[in-house]
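The values are calculated or read from the model by the stated rules, or taken from the named source; none is laboratory data. Just so we're clear, the structure is a prediction, and the values are computed from it rather than from any experiment. Please note: Cβ atoms are built from the backbone with ideal geometry, for glycine as well, and neighbour counts cover all protein chains shown. Note: areas computed on protein heavy atoms with side chains; ligands, DNA, RNA excluded. Shrake-Rupley method; radii C 1.70, N 1.55, O 1.52, S 1.80 Å.
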Amino acid sequence: MKRALIGLLLWAASCWAAGPVYVVLWFDTEDYVEPAADDAALRIAKDLTAEGVRATFKVVGEKARVLESRGRRDVIAALSQHAIGYHSNWHSVHPTPAEYLLRFGFVDGAAEFERREAGGVADVKRVFGRQPVCYGQPGSSWAPQAAPALRRLGIQVYLDEGDQVGIDNQPFWYGGLLHVYNMGKNQFRAQLNAGAEDTAANRRFDETALHLEAAGGGLISIYYHPTEFVTTEFWDAVNFSHGANPERADWHTPRRRTPEESERCYGVLRRFVQHMKARPGVRFVTAEDLRTLYAEPAPKALDPRAVAERLSRGIGFGDVGGAMLSPAEMLTALLEGKPRMVDGPSAAGRTTYARETIPAAAFARAVADTRDFVRRFDRLPDQVFVGAESLSLADFAATLAGSIGHAEDVRLVRGNVEFTRYFATDGRRSFNWVIHPEGFDGGPLLDLARLQGWTLKPARLAGK
Ligand SMILES: [Zn+2]
């Protein structure tokens with residue numbers, strides 16, 4: 001009796017403490033070759049609306065244009081019941097984003113991404129009558145230069161999967177965008193080819209939800225492509241594999257599922273959604289909702305000594321006075337008084353300054369010059385000059401942090417960058433995609449990406 005009572009109390013306590021579990025369900029709506037994929041998108045959007053679930057449809061620019069030219073107002077209207085995202089202008093027509101951005105630096109690459117993608121964003125916006133709320137790259141064609149361009153295009157959420165960057169299988173901030181990416185064990189799906197229902201996926205969902213509830217709440221990411229429900233091979237793999245770039249007249253349609261098979265696939269998704277929906281405390285959210293759920297508190301002035309103390313322990317994200325800050329925000333807090341999102345450096349600078357101390361007046365000029373650079377470009381400099389010599393950004397940040405509260409000459413401190421471990425290192429594996437040319441190596445993109453680690457930090461559920 002006593003044991004049962006204790007068990008009941010423990011159970012009640014766990015219910016009371018259970019954190020919310022959010023599910024973001026998204027569909028890469030990309031197949032502009034096979035018209036049956038239009039019907040698949042229509043059917044899925046309607047089924048989900050009937051279940052009272054809102055999903056996110058990330059639409060390719062050319063897909064929006066063909067929906068319009070094929071007169072599919074029905075599809076556009078059904079998808080419009082959900083959140084609309086953006087999934088690149090041409091998806092798999094070469095060059096894909098990683099293919100061309102590999103040849104660019106950070107600043108010029110962002111301009112090039114904007115040049116190539118702005119038309120697609122505008123078309124999705126025109127066709128659906130609203131601004132797309134998120135972006136995700138085609139396949140593994142990821143690149144760090146997309147982030148500043150997406151901000152300029154009015155897109156604030158990055159929703160996709162890949163392993164180039166990530167923090168502990170949960171949402172994070174990177175390049176000023178809220179990322180749901182690299183979600184690891186919190187990303188899975190019901191397999192479409194598992195029969196009438198994927199009961200293993202149901203179990204996995206229950207276990208994951210239990211785990212997240214115990215951890216105070218979290219997010220599960222689930223994705224499909226509407227075209228998968230009507231085809232047995234990918235529309236782009238049959239046309240654009242390994243760098244192939246045939247003319248439109250030579251595009252082939254992918255092999256189709258039978259109508260009975262498609263019906264079974266819709267059933268798998270519907271049952272999976274019904275299973276998830278039935279769990280108390282589970283809420284389906286869109287990319288739009290994520291912005292509110294993970295909204296940042298307004299930046300406030302911070303004690304420079306507290307910021308300096310954190311930065312002196314290592315250059316990485318961390319909690320300062322209750323605020324989760326990226327290293328770039330810590331540095332702007334020291335330079336400008338308040339933390340502010342600015343881009344990381346565009347290249348790896350180096351330290352040529354050889355002495356152990358810097359005269360206070362010379363360092364004060366270097367700090368003022370850095371402040372001016374950051375204000376002018378909204379970006380951290382690659383290096384900071386002390387006369388004709390330079391300090392790498394990391395060494396400058398550590399030296400600045402060490403100088404807070406000291407009026408005399410400044411001791412040169414070597415910066416210890418902690419954030420590199422959140423980035424992939426194998427440029428072939430991370431960019432492995434059947435559409436990329438054989439042996440494609442995105443290593444240089446990972447090098448650029450790591451520099452933007454200055455902007456990296458975990459996203460926190462608002463109010464937590
Ligand atoms: Zn895609």
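Using all alpha carbons of region 178-233, what is the percent of pairwise distances in each 10 Å bin, ordered from the shortest bin to the longest?
In order of increasing distance, the bins hold 21, 44, 28, 7 percent.
Ignoring ligands, DNA and RNA, what accessible area per residue does region 257-407 give at 1.4 Å, in Å²? Walk me through the intermediate numbers first.
On the way: 6960 Å² over 151 residues.
For region 257-407, the per-residue accessible area is 46 Å².
So which of 125/185; 58/300; 185/277; 63/185 end up more than 29 Å apart by C-alpha? Intermediate results must be reported in sequence, preceding the final value.
Values: 125/185 33 Å; 58/300 35 Å; 185/277 19 Å; 63/185 31 Å.
Where the Cα-Cα span goes over 29 Å, the pairs concerned are 125/185; 58/300; 63/185.
Any idea of the accessible area per residue across region 408-464, 1.4 Å probe, to the nearest Å²? If you can, show how the numbers build up before the last one.
Details: 2950 Å² over 57 residues.
Heavy-atom SASA per residue in region 408-464 reads 52 Å².
Out of all DSSP beta bridges with both ends in region 124-273, state the antiparallel percent to the nearest 5. Write down the numbers at each step before the final one.
Values: 5 of 11 bridges.
Taking every DSSP beta bridge with both residues in region 124-273, the antiparallel ones total about 45 percent.
So what is the 222 nm mean residue ellipticity for the chain from helices alone, if each DSSP H run of at least 4 adds -39500 (n - 2.57) and you divide by all residues, rounding to the nearest 500 deg cm²/dmol?
Working: 17 runs with 189 residues, N = 464.
Calculated at 222 nm, the ellipticity per residue is -12500 deg cm²/dmol.
Please compute, over every Cα-Cα pair in the chain, the percentage with a separation greater than 37 angstrom. It would help to have the intermediate numbers written out before the result.
Numbers: 35163 of 107416 pairs.
Summing the P(r) tail past 37 Å for the chain gives 33 percent.
By how many nm would the segment from residue 68 to residue 365 grow when fully extended, if each residue of separation counts as 0.36 nm and the alpha-carbon distance is taken off?
Gain on stretching residue 68 to residue 365: 101.2 nm.
Step through the residues of region 399-416 one at a time and calculate ³J(HN,Hα) from phi using the Karplus curve (6.51 cos²θ - 1.76 cosθ + 1.60, θ = phi - 60°), rounding each to whole Hz and writing x for Gly and Pro.
So the J values, rounded to whole Hz, are 5, 4, 4, x, 8, 4, x, 10, 8, 7, 3, 9, 7, 6, 10, 7, x, 10.
Placing +1 at every Lys and Arg Cβ and -1 at every Asp and Glu Cβ, with all other atoms neutral, what dipole size does region 77-129 have around its Cα centre, in debye to the nearest 20?
Details: 5 positive and 6 negative charges, 30 e Å.
Approximately 140 debye in magnitude.
Treat each spin label as a single point 7 Å out from the Cα along the C-beta direction, and report the residue 389 to residue 407 distance in nm.
A separation of 2.5 nm, rounded to one decimal place.
Using a 1.4 Å probe over the heavy atoms of the protein chains, calculate the carbon and sulfur portion of the accessible area of region 33-150 as a whole percent. Walk me through the numbers on the way to the answer.
On the way: 1890 of 3520 Å².
On region 33-150, the fraction of accessible area on carbon and sulfur atoms equals 54 percent.
At each listed q (0.15, 0.20, 0.24 Å⁻¹), what is the log10 of I(q)/I(0) that the Debye formula gives for region 124-229 modelled as equal alpha-carbon point scatterers?
For the requested q values the scattering log ratios are -0.77, -1.12, -1.29.
For the chain, give the magnitude of the charge dipole about the Cα centre (Cβ charges: +1 Lys/Arg, -1 Asp/Glu; no others), in debye to the nearest 20. Intermediate results must be reported in sequence, preceding the final value.
Details: 56 positive and 57 negative charges, 267 e Å.
I would put it at about 1280 debye.
By per-residue mean of other Cβ atoms within 10 Å, what is the highest-first order of 259-268, 444-453?
The peptides rank, most packed first, as 444-453, 259-268.
Probe radius 1.4 Å, ligands and nucleic acids ignored: give me the carbon and sulfur share of the accessible area of region 230-316 as a rounded percent.
After summing per-atom areas, the C and S share lands at 52 percent.
What order do you get for 289-295, 86-92 when each peptide is scored by the mean count of other beta carbon atoms within 10 Å, highest first? Working shown, then result.
Numbers: 289-295: 18.0, 86-92: 25.3.
Ranked from most to least packed, the peptides come out as 86-92, 289-295.
Using the per-residue mean of other Cβ atoms lying within 10 Å as a proxy for protection, in what order, highest first, do the peptides 163-171, 401-409 fall?
Numbers: 163-171: 20.2, 401-409: 14.1.
Those peptides, ordered most packed to least, come out 163-171, 401-409.
I'd like the distance between the alpha-carbon centres of region 168-240 and region 281-308, rounded to an integer number of Å.
23 Å
How long, wide and thick is region 389-441, going by the Cα atoms along their three principal axes, in whole angstroms, largest first?
That gives 59, 24, 12 Å along the principal axes, largest extent first.
So for region 323-464, what are the equivalent ellipsoid semi-axes in whole Å, largest first, each being the square root of 5 times an eigenvalue of the Cα gyration tensor? All intermediate terms of the calculation are to be shown ahead of the outcome.
Numbers: eigenvalues 197, 74, 32 Å².
They are 31, 19, 13 Å, listed largest first.
Run the simple label-point estimate for residue 357 and residue 50 please: 7 Å along Cα→C-beta, distance reported in nm.
7.8 nm
Please identify every one of the trypsin sites (Lys or Arg not before Pro) in region 351-389 that sits in a loop by DSSP and has no more than 13 other beta carbons within 10 Å of its own beta carbon. Walk me through the numbers before you get to the answer.
Numbers: sites: 355, 365, 371, 375, 376, 379; in loops: 355.
Of the trypsin sites (Lys or Arg not before Pro), the ones in loops of region 351-389 whose Cβ has at most 13 other Cβ atoms within 10 Å are 355.
Express the carbon and sulfur contribution to the solvent-accessible surface of region 319-421 as a percent, rounded to the nearest whole number, probe 1.4 angstrom. Please list the in-between numbers first.
Working: 2360 of 4900 Å².
Heavy-atom surface of region 319-421 belonging to carbon and sulfur, 1.4 Å probe: 48 percent.
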